Structure formats: C-alpha cells, structure tokens
Amino acid sequence: MAAAARRLRLAGFLLLASRAPNPKPLSSSAFSSACSSAAPATALVREDGLLSRRLLRLHVRPPRGAAAAAVERWAQERGHVSQPELRRAIAQLRSARRYEHALEVFSWMDSCNSLKLSSWDHAARLGLIAKAHGSSQAEEYYKKLSAAAKRAASFPLLHCYVIERNVQKAESFMAELQSCGLPVDPHSFNEMMKLYVATCQYEKVLSVIDLMKRNNVPRNVLSYSLWMNACAQVSGVASVQSVFKEMVNDDVVEIGWSTYCTLANIFRMHGLTTKAQACLRKAETKLSPTKRLGYSFVMTCYAGLNDSDGVMRLWEASKSVPGRIPSANYMTAMVCSIKVGNISQAEWIFGSWEAQCRKHDVRVSNVLLGAYVRNGWIEKAERLHLHMLEKGALPNYKTWEILMEGYVQSKQMDKAVDAMKKCFSFLKSCHWRPPLELVEAIARHFEEQRSADDAYKYTKVLQRFNLTSLPLYKSLLRAYINADIVPPNILEMVAKDQIIMDEEMDRLIILASKIGITCNG
C-alpha cells in the first residue's frame, strides 16, 4: 500500500508537470541569493562588516532576543541602519550557522516601519526557519506569504524537504507548484533528482529527465551529473557514456572540470582506472587560472585513484592561482597526500602552511594529528600538539578526540581520561559527541582499576549528555563488583535512561546482590 501511494504521488507530480506550460527557468544565482543572504547586488556601506562582527561576538547561545537588541543598539548609536547592511549581517550569521540570531535580525527588520522585506528576504528567512526548526515551521511561514513571495520561497522549502529526505512532501509540493502555475525550473527538477539519488530511487531520476525533455526544460551541468550517476547505478557505464554524448551535443551546456570528475568517479567505481585517469587529465585542462575550487576537487579524485603524482601535480598547479592560498586548500592537499600513503608529503605541505599562516589553526594540524594516531605514532602526535599550543593555537573537540584515541590505543589511560574531560567542556556548546568506543574504553579502564567512585561520576556526566548505554552500565556494575562495594541507585539510572537490559546485565545484578544490593526492578 505504501509503495502504491508513493507511485501515485509521483504520477501526480509527473502528470501535472506534463500539462503545465513550459516555465521560464530562474537563474541559479537568483536561487543562490534566496538561499543565502538575499542581498541585492548594490553597493554596501563600509560599516557592514562592523555590524556583522558585533553580532558574531554574541555567545553561541545567548538569551533570546540578544541579536535583535544588538541591532537596535547599533541603529540608535548611528541614527540609522540600512537594509543592505542588515542583509550582509544575516548572510554572515548564516555562514556561521547562527540561524536563530539571523532570524532575530529578520524579526527586527519586520518590526521596523521604515523597512520592507522583499520576496527574496522572505525566501532567505524561510530557509533559515527550515534550518533552525525544520520543515513544519517553514511550511507555516510559507502559507502566510504573498503570491510573489511564495514564488521566491518555493525553492528553499523544496530544498528543506530534500535535506530531510521527505519524498512524500517533496513530490506533493512539486505537484502543488504546478497546479498553482508557479515555475518548476531546472533547479527544482535537480532538487528532486538529488532526493531520489539520496534515497537510492535511481529509476525516478530517469523519469524526471524524461519529464524535462517532454516539457523542453533545459538541463544544466548538475542535471547531467545526476543523470549520469543514476545511469551508473541502473544500467552501467555504456548508458553513462551515452548521456555524456548527449551533453556534448547540448549547446546550452558548457562541459567543465566537474563533469569530467563525475565521469572519473563513475569509471573508478566500475574498476576502469585508465579511463578515470584520462577524464581527470581532461579535467585539468578545464581548470580556471584564477579560481582554486576545481583544483581541490580534481586532487581529491586523484587521491581516490591512489595517484600520488596526480595529487602533487594538482597541488603545485594550484599555487599558480593568484591570491593567498586558504587554509582549507592546505587541508585538502594534506588529506589527499595521507590518503595515498604519503605522510611525509603531508608534513611538507603543513610546513608550507605554517610558514605563511597568520594564525595557527588546529583544524589544519588536526589532519596531521589524526594521521599520526592512526599509524600508532602517539609521541609524534603529542609533539605536534605541544608545538601548536606553543604557537597559540586553541585545541578544539576534534583535537582532544584524536589524542584520546591515541592514548587509548597506547594504553595511556590516565591521559585518555584527561582528554575526555577536555572533550566534556565542549559538549554544551556544540552538537559533537565522542565516539561510543572511546566512551566505553574509559569505562573499562575504571572497571579494571576497581575505581568504582570514578566510574559512577563518569556515568553521571555521560547521563547529562544522553551518552549512556547498556555496555556502559555493565562496566559500571563490574567496577563496583571488582571493588566489592555496594553500588547506589544504578537500577534507577538504567530505568531513567530507558536502557533495555539483557541476560548478562541480569547476571551482573545477581552478582552485585551478593554484596548487598537490594533489587526492586
């Protein structure tokens, strides 16, 4: 029944789309604006960055209304605040994933009589609502918009469904757009294909392509890329090559490095290494002498082929692009070098970064740190860590996670416990959670050391962050049994965390009862 319902929804979307007039596609830059800053291409005042910096200095989780209050103070201090200035600040907040703060700025704009939100502002606001609160609240906001604003906001809402992988809502919404006469352009079709690829419904990708052809909707580079990837899953390399030939004959599309990277990855997955390398060589000829983006992608593809020479050639070629090399590019080159087994090359690249960096960023050193730990070189990892501290770098949660893994591997459990404590300090301000195997390794350490009190305190901390598990409670019980100490209220903790017990847990409870536990479970 469920499968039949899904087929009916897709059929409805396809039928409505086939009856609709050929829509005029909106440009990708327009959608990019709607989904990011919604700022028009007008000159921004010189103080734009100052307002953004003031808002970014707010705590990650300040009291509700703090961002709006900061904008109000800014406006009072200067006697005015321009709409482009506010849009710039919203874009900066969105880039920093401060979605709630950005929404507060929009609320302030909405309450200001001298400012009027444009259709693209509404689109950007809906996108932020979707990121902060999910599709349900985004839908409620969408319903209240005018027809013009809905036209702009339809893509962010569809994108929200795609991110949530909600096929039912996405198909229904596409059908609704068609029935209302709103445009369904290449970008919307691409979103549907991305959704079908993400949910492994590759046949539906081919159906969308057929629909685009019937309605004379032009395909772009992404359309062909999704189409080729679907063909690779459904019918093999021959059909992928057929799609590529069609792309070559499409006068609307310019084939660039990304297409050849797509082909290379498909050939690699099918074991056609020579063809993959030929595609990457072709991709190299398409790289821009003024933009770095493609170099990192092609370099990553060479790493996937375990081609160390290709990785190094792309890294050297990228240096000829004018401008300062971002830290992210150094990190990509290091990751690729490590992937092909050339850690010494990664160390050399790290040294090049250090020689030109303005500030020591642990995200770069973490790449090398992880390679050292994975190879069992904990002493080298410690030396690198101390070196970064001396340079003024601030360790992040990933730094401590990597070191903790190394300490567990090398049986330096006291240091692992200390690293875990450092990790705990980050849990309140981010969504990161330590790997379960490291959490349990430290619990086993307390168990083996008969440190019942430490094991209990450790479990209580983990309980605050919803990190407890059945193996953790087993280890806690064994710590008390080994120490011959009566454990307190463990059954209550297990019940509170809704842990389902097994036979081994029951046996441990029986053993613990022999040292005085009263079980009322």
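Counting only heavy atoms of the protein chains, get the accessible area per residue of the chain (1.4 Å probe) and round it to a whole Å² value.
I get 50 Å² per residue for the chain.
Pairing the Cα long axis of helix 436-448 with the longest principal axis of the chain, what angle in degrees results, from 0 to 90 and rounded to the nearest 10?
Compared with the principal axis, the helix lies near 0 degrees.
Considering the alpha-carbon set of the range 375-521 alone, what are its Rg and its Dmax in angstrom?
In order Rg, Dmax, the Cα atoms of the range 375-521 give 17.1, 56 Å.
Could you give each residue of the range 376-385 its phi-based ³J(HN,Hα) in whole Hz, using Karplus coefficients 6.51, -1.76, 1.60 with θ = phi - 60°, and x for Gly or Pro?
In residue order, the calculated couplings are x, 9, 5, 5, 5, 4, 5, 5, 5, 4 Hz.
In debye to the nearest 20, how big a dipole does the range 176-219 give about its Cα centre with +1 on each Lys and Arg Cβ and -1 on each Asp and Glu Cβ?
About 140 debye.
Out of the total accessible area of the chain (probe 1.4 Å, heavy atoms of protein only), what percent is carbon and sulfur?
52
Cα to Cα, under 23 Å, and not fewer than 8 places away if on the same chain: which lysines meet these conditions relative to residue 291?
Within the straight-line cut-off, residue 291 pairs with 282, 319.
Name the residue from 156, 378, 400 whose Cα lies farthest towards the positive end of the charge dipole of the chain, charges +1 on Cβ of Lys and Arg and -1 on Cβ of Asp and Glu.
Highest projection toward the positive end goes to 156.
Any chance you could list P(r) for the range 265-333, counting all Cα-Cα pairs in 5 angstrom bins from zero, rounded to whole %?
3, 18, 31, 23, 14, 7, 3, 0
Accessible area, 1.4 Å probe, largest first: how do 429, 308 sort?
In descending accessible area the options line up as 429, 308.
Going by alpha carbons, how many degrees (0 to 90, nearest 10) lie between the helix axis of 362-374 and the longest principal axis of the chain?
So the helix axis and the longest Cα principal axis differ by about 60 degrees.
Quick check: the angle from helix 503-513's long axis to the longest principal axis of the chain, C-alpha only, nearest 10 degrees?
Once rounded, one gets 30 degrees.
For the range 310-367, what class follows from the C-alpha gyration tensor (a ≥ b ≥ c being the square roots of its eigenvalues): rounded when a/c is under 1.5, otherwise prolate if a/b is larger than b/c, else oblate?
Cα axes put the range 310-367 in the oblate bin.
Given the alpha-carbon gyration tensor of the chain, what are the semi-axes of its equivalent ellipsoid in whole angstrom, ordered largest first, with each equal to the square root of 5 times an eigenvalue?
They are 44, 32, 29 Å, listed largest first.
Using just the alpha carbons, could you tell me how many Å³ per residue the convex hull of the range 399-474 encloses?
So the per-residue hull volume is 81 Å³.
Hey, if you put +1 on the Cβ of every Lys and Arg and -1 on every Asp and Glu Cβ in the chain, which of 459, 190, 229 ends up farthest toward the positive end of that dipole?
Looking along the dipole axis, the top candidate is 190.
I'd like the trypsin sites (Lys or Arg not before Pro) in the range 121-153 restricted to DSSP loop residues with at most 16 other Cβ atoms within 10 Å, sorted by number.
Sparse-neighbourhood loop trypsin sites (Lys or Arg not before Pro): 144.
So how strong a dipole does the range 67-154 carry about its Cα centre when Lys and Arg Cβ are +1 and Asp and Glu Cβ are -1, to the nearest 20 debye?
280
Using θ = phi - 60° and the Karplus form 6.51 cos²θ - 1.76 cosθ + 1.60, what ³J(HN,Hα) does each residue of the range 86-96 get, whole Hz, x for Gly and Pro?
Listing the rounded values in order: 5, 5, 4, 5, 4, 4, 5, 5, 5, 4, 8 Hz.
Within the range 201-255, list the GluC sites (Glu not before Pro) lying in a DSSP loop whose Cβ has at most 15 other Cβ atoms in a 10 Å radius.
254
Within the range 261-344, report the trypsin sites (Lys or Arg not before Pro) that DSSP leaves as loop and that have at most 13 other Cβ atoms within 10 Å.
Passing sites in the range 261-344 are 291, 319, 324.
Tell me, what does the Kirkwood hydrodynamic radius of the range 186-320 come to in angstroms if you use every pair of distinct C-alpha atoms?
Evaluated over the range 186-320, this radius sits at 15.5 Å.
The values are calculated or read from the model by the stated rules, or taken from the named source; none is laboratory data. Keep in mind that what you see is a predicted model, and the values were worked out from it rather than measured. Don't worry about glycine lacking a Cβ; one is built from the backbone with ideal geometry, like all the others, and counts go over all protein chains shown. These accessible areas exclude ligands, DNA and RNA; they are computed on the full protein's heavy atoms, side chains included. Shrake-Rupley method; radii C 1.70, N 1.55, O 1.52, S 1.80 Å.
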